[in-house]
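Trainee: Got a structure for you, written out below as structure tokens; questions coming shortly.
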Amino acid sequence: MNERFEDPRLTAHVLGELDPEATRELEALLADDAELRRELESIRETTALLEQELGGDSGLGLGEARRRAIREALPKPAPAVVRPKRRRWVGFSLAAALPLLLVGASMLTMTRTKTDEKDRAAPLSTWAASGAFALDESLGARGVLSGKLGRKGDDGRPQDFDTESYDKFDENPFVRVAVDPRSTFSVDVDTASYSLVRRFLVQDGKLPPKGAVRIEELVNYFSYAYPQPASGELFTVSTEVSSAPWASDHRLVRIGIKAKDLDMAARPPSNLVFLIDTSGSMDAPNKLPLLKSAFRMLVEKLDGRDSVAIVTYAGSSGLVLPPTRGDQRAEILGALDRLEAGGSTNGGSGIELAYAEAAQGFVKGGTNRVILATDGDFNVGVTSQSDLVDLVQSKAKGGVFLSVLGFGMGNFKDSTLEKLADKGNGNYAYIDDLAEARKVMVEQGAGTLVTVAKDVKIQVELNPAKVEAFRLIGYENRVLGHQDFNDDKKDAGEIGAGHTVTALYELVPAGGKVPGAGVDDLKYQAPRAPSPAAGAGELMTIKLRYKLPEGEVSRLLELPVRDGRAPIAEASADFRFAAAVASFGMLLRDSPNKGRASYADTVELAKGAIGEGRDQALRRELVQLVEKAERLGGR
Amino acid sequence: MAAPEAPDARRDFVTRALARFEQPLLRYAASLVGRLHAPDVVQDTFVALCKAEPGEVEGHLAAWLFRVCKNRALDQRRRSGRLAELENEDDMESPDSGPASRVERAQALDRVERALGSLNEQQRQVVLLKFSAGLKYQEIAEAMQLSASNVGFILHTAVNAIRRELGETEPVLREARSLP
């Protein structure tokens, strides 16, 4: 390696750190040395890249609770001094109060000014020179108050209240097999609940509201090593049975579905419309800038087969980018970069415009999708929520699906977004930071883009000879009527390329004690007699119906499940880990069914099941989240 | 400062410090203790700023913030049971602070973060103070208790290492060729 390239003056020169004499010396060297000049240029490129990548927002943030804690730590203002003369007194106390008011107001309404690269590099010495506690206008504060001390509503005025909403729901109870031997539900691959929980625990430093905790989404956040489909197969279904860690006399059945991975070369073309919320409330580092980064990652995966259009909805909704071929990256990324937040939300007409664009560019046999990115603040004005849901549902029937990406906090409408993605046949993810954006858009981007099977439903029949009662863990929002299973007109969830789906059943073995109040025996019917099949030693039979993405008639798969009586210690790492995640979810919800679950046990269980797979780092992160919840005074 | 400082001045000061340094400190903390614990550490840092004596901080806010942040981060690491860090601030190369593991790097956000993962902790700290916090060499020197020329050397080495990782250039001796 050439020694003159090791000269630290090169980098110092690029960064403007050399004094005049050293600069002259270096420039003399550079004048005669073309190679050295090229080296310098290369260093310049690298430092520019580093400034750009590291100087921007990381997607990390201090949530509102933390800012409050910081404010609490400030010294309390001294009481106003009382002056002897009455008139003076009034004047003085007003004058004393005003700065406090002003400061208080300014803390709540720091407005975001345009970032100026120059501002970011404002030298510290200027600040120091004017005294540590003096106001310094020249500092510019990077032009940005990254993360605010108060929140802005759509009209730019501060909001002091939390308008997030999470639907509360009761968990699925234990059901006696003698009363109802069937369980029917729609498959779901949403992962938003996990990142929401993470955001509460990490950025806000508090426990999440129970309504935000959907156990099946926590479990489904992770990938599991289910058998890969062979060529020609769309997906595989596999099961594993062991004991429930929180109730050792109960059995736990894990059902796993693995969809085939995408063959990137042979993937179908995508017709995508990004429907982006650019209302005033999106003006925060963890919203619009993070959203742009996320979409950038997706755009990098597209090519000439694909088409992208961008529609915004705020005040007046608009077509920011007409359908553009996927390889015109500069145009697409340019349009993304130019998006700015402002105006109030009118989600309704933006959605209609987005669907219109998608319809115009409809690709038969391809993926047609509207991807909605928002903080959920639907000030829809004309359109009601149920009208929106109906619209989304009818468009999905016509082949244009809707996926939803949630961002931000403070006015996040989890319940609305989940419903829209559900009816829109798409998945719903909550993006709390850049790493999550990468997971959703890149690692699992194939699943967002390409549907392998739609209207996927599961119906399980339990064997009374082996099972006294059962409980489906999670999926409360996905439960279907039993007759919906065979009704092809009833919508259900879809599975994207490469996705895995996991469902857990907790079983009370035959003869065991069933938690909860029982149901009276029927007066007009005798208890059912078991059929010969009940003697075959099966725990249950799983039936699965699905349709091809463009199909209208469902296909049926059937799979019996036996219990190998393996104790939990012998179960696979994937099984134990999924059980640990479910246990974590039940603890967060303070579930009536959590049995003997504890945070400490859950940590041990999870730690022992991290395994060697690709999502080790994510699994370790879960362990930390469990520990965090415990410290926050979890029950 | 002789006169007692007005509480409003302190409030303003902290507000501006937050605006200027929240992101760089979060990034820095995340490089030490991971994304999950970074907000805790940074919150503690700003709480400490609220309570600090003016004399401590005046004139070298960045150095103070990053030093406190690092200390809190080290506390956090000790609490979570990782290897004890060396107390000597001059030597950041404790066994646990080397290049990020292959798995962690594979999970890194983007190629720049991956490239950062190949640096040792001292190099990472200098890079973040320069490109994330926008500090000058002298300020970095103060924050890390090194000489400015040390900083220049570390930064140059780090930038070269990053270039190699990004594959932008081969640092081998190029054949001398006559070019127009």
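The values are calculated or read from the model by the stated rules, or taken from the named source; none is laboratory data. Computed from a prediction, not measured in an experiment: that's the story for all the values here. When we count neighbours, we look across all protein chains shown, and the Cβ atoms used for this are built from the backbone with ideal geometry, even at glycine. Note: accessible area is taken over every heavy atom of the protein model, side chains too, but ligands, DNA and RNA are not part of it. Shrake-Rupley method; radii C 1.70, N 1.55, O 1.52, S 1.80 Å.
Trainee: Going through A:196, A:201 one at a time, which residue ends up being in a helix (DSSP H, G or I), open to solvent by less than 10 Å² (accessible area, probe 1.4 Å), farther than 22 Å from residue A:421 by Cα and aliphatic (A, V, I, L, M)?
Mentor: Values: A:196 fails: farther than 22 Å from residue A:421 by Cα.
After applying the criteria, what remains is A:201.
Trainee: From the list A:608, A:551, pick out the single residue that is farther than 25 Å from residue A:175 by Cα, exposed (fewer than 15 other Cβ atoms within 10 Å of the Cβ) and in contact with a helix residue (DSSP H, G or I) (Cβ under 8 Å, 6 or more places away or on another chain). It would help to see each step written out before you state the result.
Mentor: Numbers: A:551 fails: in contact with a helix residue (DSSP H, G or I) (Cβ under 8 Å, 6 or more places away or on another chain).
Matching residue, one of A:608, A:551: A:608.
Trainee: Which of the following residues is farther than 21 Å from residue A:255 by Cα and either among the hydrophobic types (A, V, I, L, M, F, W, C) or assigned to a loop (DSSP other than H, G, I, E, B) (or both): A:535, A:595, A:564? Let's see the steps before the verdict.
Mentor: Values: A:535 fails: either among the hydrophobic types (A, V, I, L, M, F, W, C) or assigned to a loop (DSSP other than H, G, I, E, B) (or both); A:564 fails: farther than 21 Å from residue A:255 by Cα.
None of the other options fit; the residue is A:595.
Trainee: Just name the residue that is farthest from the other protein chains (Cβ to nearest Cβ) out of those in region A:280-299 that are more than 13 Å from residue A:339 (Cβ to Cβ), assigned to a helix (DSSP H, G or I) and out of contact with any strand residue (DSSP E or B) (no Cβ under 7 Å at 6 or more places or on another chain).
Mentor: Here the answer is A:298.
Trainee: Taking residue A:278 and the conditions (1) at pLDDT below 95; (2) under 30 Å from residue A:471 (Cα atoms), which numbered condition does it fall short on, given that it satisfies the others?
Mentor: Among (1) at pLDDT below 95; (2) under 30 Å from residue A:471 (Cα atoms), residue A:278 violates only (2).
Trainee: Only one of (1) farther than 29 Å from residue A:606 by Cβ; (2) in contact with an Asp or Glu (Cβ under 7 Å, 6 or more places away or on another chain) fails for residue A:534. Which number is that?
Mentor: For residue A:534, the exception is condition (2).
Per-residue answers, yes or no, for (1) at pLDDT 85 or above; (2) outside any helix (DSSP H, G or I); (3) closer than 13 Å to residue B:31 by Cβ; (4) at the interface with chain A (Cβ under 9 Å from one of its Cβ atoms):
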{"position": "B:119", "(1), (2), (3), (4)": "yes, yes, yes, no"}
{"position": "B:124", "(1), (2), (3), (4)": "yes, no, yes, no"}
{"position": "B:129", "(1), (2), (3), (4)": "yes, no, yes, no"}
{"position": "B:140", "(1), (2), (3), (4)": "yes, no, no, no"}
{"position": "B:143", "(1), (2), (3), (4)": "no, no, no, no"}
{"position": "B:146", "(1), (2), (3), (4)": "yes, yes, no, no"}
{"position": "B:149", "(1), (2), (3), (4)": "yes, no, no, yes"}
{"position": "B:152", "(1), (2), (3), (4)": "yes, no, no, yes"}
{"position": "B:159", "(1), (2), (3), (4)": "yes, no, no, yes"}
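Trainee: Conditions first: (1) open to solvent by less than 50 Å² (accessible area, probe 1.4 Å); (2) out of contact with any helix residue (DSSP H, G or I) (no Cβ under 7 Å at 6 or more places or on another chain). Residue A:502 passes all but one, so which condition is the exception?
Mentor: For residue A:502, the failing item is (2).
Trainee: For residues that are surrounded by 24 or more Cβ atoms within 10 Å (Cβ to Cβ) and modelled with pLDDT under 85, scanning just region A:283-316, find the one that is farthest from residue A:363 (Cα to Cα).
Mentor: Checked region A:283-316; the qualifying residue farthest from residue A:363 (Cα to Cα) is A:284.
Trainee: Residue check, residue A:465 against (1) in contact with a strand residue (DSSP E or B) (Cβ under 6 Å, 6 or more places away or on another chain); (2) modelled with pLDDT under 95, all met but one. Which one?
Mentor: Checking residue A:465 against (1) in contact with a strand residue (DSSP E or B) (Cβ under 6 Å, 6 or more places away or on another chain); (2) modelled with pLDDT under 95, the one that fails is (1).
Trainee: All but one of (1) of a type in the set (Gly, Ala, Ser); (2) open to solvent by less than 10 Å² (accessible area, probe 1.4 Å); (3) not in a helix (DSSP H, G or I) hold for residue A:238, so report the exception by its number.
Mentor: Every condition holds for residue A:238 apart from (2).
Trainee: Any chance region A:577-586 includes a residue that's at pLDDT below 90 and out of contact with any Asp or Glu (no Cβ under 8 Å at 6 or more places or on another chain)?
Mentor: Checked against the condition, which is being at pLDDT below 90 and out of contact with any Asp or Glu (no Cβ under 8 Å at 6 or more places or on another chain), region A:577-586 yields no hits at all.
Trainee: Please determine whether any residue of region A:236-259 is at pLDDT below 90 and either closer than 26 Å to residue A:543 by Cα or of a type in the set (A, V, I, L, M, F, W, C) (or both).
Mentor: No - not one qualifying residue is present in region A:236-259.
Trainee: Something else: Being more than 27 Å from residue A:577 (Cβ to Cβ) and surrounded by fewer than 21 Cβ atoms within 10 Å (Cβ to Cβ) is true for just one of A:486, A:477. Which residue is that? Outline the logic, then answer.
Mentor: Numbers: A:477 fails: more than 27 Å from residue A:577 (Cβ to Cβ).
On inspection, the qualifying residue turns out to be A:486.
Trainee: Taking only pairs six or more apart or across chains, which ones have beta-carbon atoms under 6 Å, a first residue in region A:617-631 that is within 8 Å of chain B (Cβ to nearest Cβ) and open to solvent by 60 Å² or more (accessible area, probe 1.4 Å), and a second residue that is assigned to a helix (DSSP H, G or I) and of a type in the set (Phe, Trp, Tyr)?
Mentor: Between residues of region A:617-631 that are within 8 Å of chain B (Cβ to nearest Cβ) and open to solvent by 60 Å² or more (accessible area, probe 1.4 Å) and residues that are assigned to a helix (DSSP H, G or I) and of a type in the set (Phe, Trp, Tyr), there is no close pair.
Trainee: Right, next: Pick out the one residue from B:87, B:113 that is at pLDDT below 80 and either assigned to a helix (DSSP H, G or I) or buried (at least 21 other Cβ atoms within 10 Å of the Cβ) (or both). Walk me through it before giving the result.
Mentor: Working: B:87 fails: either assigned to a helix (DSSP H, G or I) or buried (at least 21 other Cβ atoms within 10 Å of the Cβ) (or both).
Result: B:113 is the single residue among B:87, B:113 that is at pLDDT below 80 and either assigned to a helix (DSSP H, G or I) or buried (at least 21 other Cβ atoms within 10 Å of the Cβ) (or both).
Trainee: Of the conditions (1) at the interface with chain B (Cβ under 7 Å from one of its Cβ atoms); (2) part of a helix (DSSP H, G or I), residue A:52 clears all except one; give me its number.
Mentor: (1)
Trainee: Provide a single number: the residues in region A:426-443 that are open to solvent by 10 Å² or more (accessible area, probe 1.4 Å) and more than 14 Å from chain B (Cβ to nearest Cβ).
Mentor: 1
Trainee: Inside region A:15-32, can you point out the residues that are open to solvent by less than 30 Å² (accessible area, probe 1.4 Å), within 11 Å of chain B (Cβ to nearest Cβ) and either assigned to a helix (DSSP H, G or I) or without any contact (Cβ under 8 Å) to a residue 24 or more places away in the chain (or both)?
Mentor: Result: A:22, single match.
Trainee: Could you list all residues from region A:268-282 that are open to solvent by less than 20 Å² (accessible area, probe 1.4 Å) and in contact with a Lys or Arg (Cβ under 8 Å, 6 or more places away or on another chain)?
Mentor: Taking region A:268-282 and keeping what is open to solvent by less than 20 Å² (accessible area, probe 1.4 Å), we get A:270-282.
Selection gives A:270, A:271, A:272, A:273, A:280, A:281.
Trainee: Now for a different question. In region B:148-157, what residues are closer than 15 Å to residue A:39 by Cα and either touching a residue at least 40 places away in the same chain (Cβ under 8 Å) or small (Gly, Ala, Ser) (or both)?
Mentor: Looking only at region B:148-157, we keep the residues that are closer than 15 Å to residue A:39 by Cα, and these are B:156-157.
Across region B:148-157, there are no qualifying residues.
Trainee: Exactly one condition in (1) in a helix (DSSP H, G or I); (2) closer than 18 Å to residue A:226 by Cβ is not met by residue A:502; state its number.
Mentor: The one condition residue A:502 does not meet is (1).
Trainee: Return the residues of region B:8-26 that are crowded, with 24+ Cβ neighbours inside 10 Å and facing chain A (nearest Cβ under 7 Å); say none if nothing qualifies.
Mentor: B:13, B:20, B:22, B:23, B:26
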